[in-house]
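Enquirer: Structure below; questions to follow.
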């Protein structure tokens, strides 16, 4: 399973020396209690560390420099317990290169009307501090997140946690490396893109390899390794031979396993976390990778077909944010235009991500109508149900654009005995006609990444951090 390095977030509290040492000690105590409570809530995706109380420009600059240089720190959550004059935040905030969340909360949930006095007002004036701090972030055009509400509420904790996932996406996006086996599918427009701009804006590295580089690695795979993985697959999936001769079936399944082992080794050796294939580039291979890709998807590798490196990188990014749950590469195939219950059937030639499965996948060997190669093995299943997002990235020549459509996925209720691929079925929001119209008008591609875990807001949060234009269809 692909793993990301352990990460944490720092909690920084703003105040000023005007209030005196006794008050500042109270601020520290309150901050420590909030951090302890948030960590104990069990809601946060990552640990939160109370780093410091800052009252001067130099202190703020020091903390922000540390955030930048500490690889285990994914971002900063700031809280204005009292009034913190925002000019002193300018230098440090300008230095910060990692995600920033402004938590607009206060230590106490309710106003203590029976005892409230000016001492209480001066100590607990987050409402005052939030406005001053918010203004300077707006003036600096900082792409920060703002979460508002009492820190002890589950809804607020959930908002923080969802932002943490987006922040991790921003950090780990800098480490995404895509290996392309072959070029883009010939004559297809939407899969093209500016790799240099993607490296600058998103941090993605995209490298090309001839298919012979993969074939050379396949030649090193042993029969013992293939047999071991074959036996593992027998435990994980249903083997459905159909009309195939048993020996023929086993041979073709093992060919996919051979590709899988070689692919994994190649990717690991180069530090790649995503890859593409192309049915037009298969010289020296017996089959187009099918089950091989799907099993790597299940480990967290990003993927897209036909050389679509943008979608492969986006797939890896969203898998990071979703912790590899119910998230994967997808393609629009065909419509059900039954009035009042219109839906879109999603699939691909072979490589539908098994993290989306609602049932135990079957291993099927079946002819593939394109590529002019042997019958490849693939995992066949029905997609899960749930609310989610489908996302597409396109290069408009002048800039990149991200399309985000909220969808409602359903488990197919009708069998498809002649369809030898996995299938996912969903309704676009706000409705079929508006969703499809807006998608096409905005230039949305047929290759996408779907997630039944992530939200529209999380994708927007990531896009904001990388200054990416977004179109939301909801």
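Enquirer: Just to be sure before I move on: is residue 403 surrounded by 18 or more Cβ atoms within 10 Å (Cβ to Cβ), under 14 Å from residue 450 (Cβ atoms) and more than 19 Å from the chain's Cα centre (by Cα) in the structure I sent?
Expert: It is false that residue 403 is surrounded by 18 or more Cβ atoms within 10 Å (Cβ to Cβ), under 14 Å from residue 450 (Cβ atoms) and more than 19 Å from the chain's Cα centre (by Cα).
Enquirer: The conditions are (1) out of contact with any strand residue (DSSP E or B) (no Cβ under 6 Å at 6 or more places or on another chain); (2) assigned to a strand (DSSP E or B), and residue 389 fails exactly one of them. Which is it?
Expert: It fails just one condition, (1).
Enquirer: Filter region 114-142 down to residues that are over 25 Å from residue 33 (Cβ atoms), in contact with a strand residue (DSSP E or B) (Cβ under 7 Å, 6 or more places away or on another chain) and not in a loop (DSSP other than H, G, I, E, B), then give me how many there are.
Expert: 1
Enquirer: While we're looking at this one, here's another question. When residue 245 is evaluated against the numbered criteria (1) surrounded by 13 or more Cβ atoms within 10 Å (Cβ to Cβ); (2) out of contact with any helix residue (DSSP H, G or I) (no Cβ under 7 Å at 6 or more places or on another chain), which criterion, by number, is the only one it fails?
Expert: (1)
Enquirer: Now for a different question. Give 326, 346 a once-over and let me know the one that is in contact (Cβ under 8 Å) with a residue 60 or more places away in the chain, crowded, with 16+ Cβ neighbours inside 10 Å and in contact with a helix residue (DSSP H, G or I) (Cβ under 8 Å, 6 or more places away or on another chain).
Expert: Unique residue meeting the criteria: 326.
Enquirer: Would you point out which residue out of 221, 215 is modelled with pLDDT of 95 or more, out of contact with any helix residue (DSSP H, G or I) (no Cβ under 6 Å at 6 or more places or on another chain) and closer than 18 Å to residue 291 by Cα?
Expert: 215
Enquirer: Could I ask something else about it? With the checklist (1) under 30 Å from residue 11 (Cα atoms); (2) part of a helix (DSSP H, G or I) in hand, flag the one item residue 175 doesn't pass.
Expert: Single failed check for residue 175: (2).
Enquirer: Would you confirm whether any residue within region 199-206 is touching a helix residue (DSSP H, G or I) at 6+ places or on another chain (Cβ under 7 Å) and either part of a helix (DSSP H, G or I) or outside the structural domain of residue 360 (by TED's automatic domain parsing) (or both)?
Expert: yes
Enquirer: Looking for something closer than 18 Å to residue 76 by Cβ, surrounded by 11 or more Cβ atoms within 10 Å (Cβ to Cβ) and touching a residue at least 60 places away in the same chain (Cβ under 8 Å) - is there at least one such residue anywhere in region 119-133?
Expert: The answer is yes, given that some residue of region 119-133 is closer than 18 Å to residue 76 by Cβ, surrounded by 11 or more Cβ atoms within 10 Å (Cβ to Cβ) and touching a residue at least 60 places away in the same chain (Cβ under 8 Å).
Enquirer: What helices (runs of 4 or more DSSP H) completely inside region 1-113 contain at least 2 residues that are free of Cβ contacts under 8 Å to residues at least 40 places away in the same chain and farther than 20 Å from residue 465 by Cα?
Expert: 21-40, 57-69
Enquirer: Still on this structure, please answer the following. Against the definition (closer than 19 Å to residue 341 by Cβ, surrounded by fewer than 21 Cβ atoms within 10 Å (Cβ to Cβ) and in the same structural domain as residue 305 (by TED's automatic domain parsing)), how does residue 427 come out, yes or no?
Expert: So residue 427 fits the description; yes.
Enquirer: I'm checking my understanding of the structure. Among residues of region 1-18 that are over 30 Å from residue 272 (Cβ atoms) and surrounded by 19 or more Cβ atoms within 10 Å (Cβ to Cβ), which one is modelled with the lowest pLDDT?
Expert: Out of the qualifying residues, it is 15.
Enquirer: Confirm whether residue 298 is touching a helix residue (DSSP H, G or I) at 6+ places or on another chain (Cβ under 7 Å), in a helix (DSSP H, G or I), surrounded by fewer than 21 Cβ atoms within 10 Å (Cβ to Cβ) and in contact (Cβ under 8 Å) with a residue 24 or more places away in the chain.
Expert: yes
Enquirer: Oh, and also: Condition first: within 19 Å of the chain's Cα centre (by Cα), touching a residue at least 60 places away in the same chain (Cβ under 8 Å) and either part of a strand (DSSP E or B) or within 21 Å of residue 3 (Cα to Cα) (or both). Now tell me which residues in region 349-366 satisfy that.
Expert: Across region 349-366, the qualifying residues are 354, 356, 357.
Enquirer: May I pose another question? Could you list, in sequence order, the residues of region 167-208 that are within 14 Å of residue 276 (Cα to Cα) and without any contact (Cβ under 8 Å) to a residue 40 or more places away in the chain?
Expert: Within region 167-208, 205, 208 qualify.
Enquirer: Let me ask something additional. Hey, could you check region 232-268 for residues that are under 31 Å from the mean Cα position of the chain (by Cα) and not in a helix (DSSP H, G or I) and say which is farthest from residue 292 (Cα to Cα)?
Expert: Result: 238.
Enquirer: While we're looking at this one, here's another question. In region 443-466, is there at least one residue being more than 30 Å from residue 168 (Cβ to Cβ) and in the same structural domain as residue 340 (by TED's automatic domain parsing)?
Expert: Checking region 443-466: not a single residue is more than 30 Å from residue 168 (Cβ to Cβ) and in the same structural domain as residue 340 (by TED's automatic domain parsing).
Enquirer: Let me ask something else. Can you pull out the residues in region 139-166 that are exposed (fewer than 15 other Cβ atoms within 10 Å of the Cβ) and free of Cβ contacts under 8 Å to residues at least 24 places away in the same chain?
Expert: Listed by number, the residues that qualify are 139, 141, 153, 155.
Enquirer: Separate question: Against the condition touching a residue at least 40 places away in the same chain (Cβ under 8 Å) and at positive phi, how does residue 371 come out, does it pass?
Expert: Considered against the rule, which asks whether it is touching a residue at least 40 places away in the same chain (Cβ under 8 Å) and at positive phi, residue 371 comes out as yes.
Enquirer: For residues that are at pLDDT 90 or above and either under 21 Å from residue 163 (Cβ atoms) or under 33 Å from the mean Cα position of the chain (by Cα) (or both), tally how many sit in region 99-131.
Expert: Qualifying residue count, region 99-131: 11.
Enquirer: I'm checking my understanding of the structure. Among residues of region 409-418 that are touching a strand residue (DSSP E or B) at 6+ places or on another chain (Cβ under 8 Å) and loosely packed, with under 15 Cβ neighbours inside 10 Å, which one is farthest from residue 376 (Cα to Cα)?
Expert: Per the criteria, the residue is 411.
Enquirer: If you don't mind, another one. Is there a residue in region 430-442 that is in contact with a helix residue (DSSP H, G or I) (Cβ under 6 Å, 6 or more places away or on another chain) and over 19 Å from residue 303 (Cβ atoms)?
Expert: Checked region 430-442: no residue is in contact with a helix residue (DSSP H, G or I) (Cβ under 6 Å, 6 or more places away or on another chain) and over 19 Å from residue 303 (Cβ atoms).
The values are calculated or read from the model by the stated rules, or taken from the named source; none is laboratory data. Because the structure is predicted, anything quoted here is derived from the model rather than measured. Heads up, the Cβs are rebuilt from the backbone with ideal geometry, glycines too, and the neighbour counts pull from every protein chain shown.
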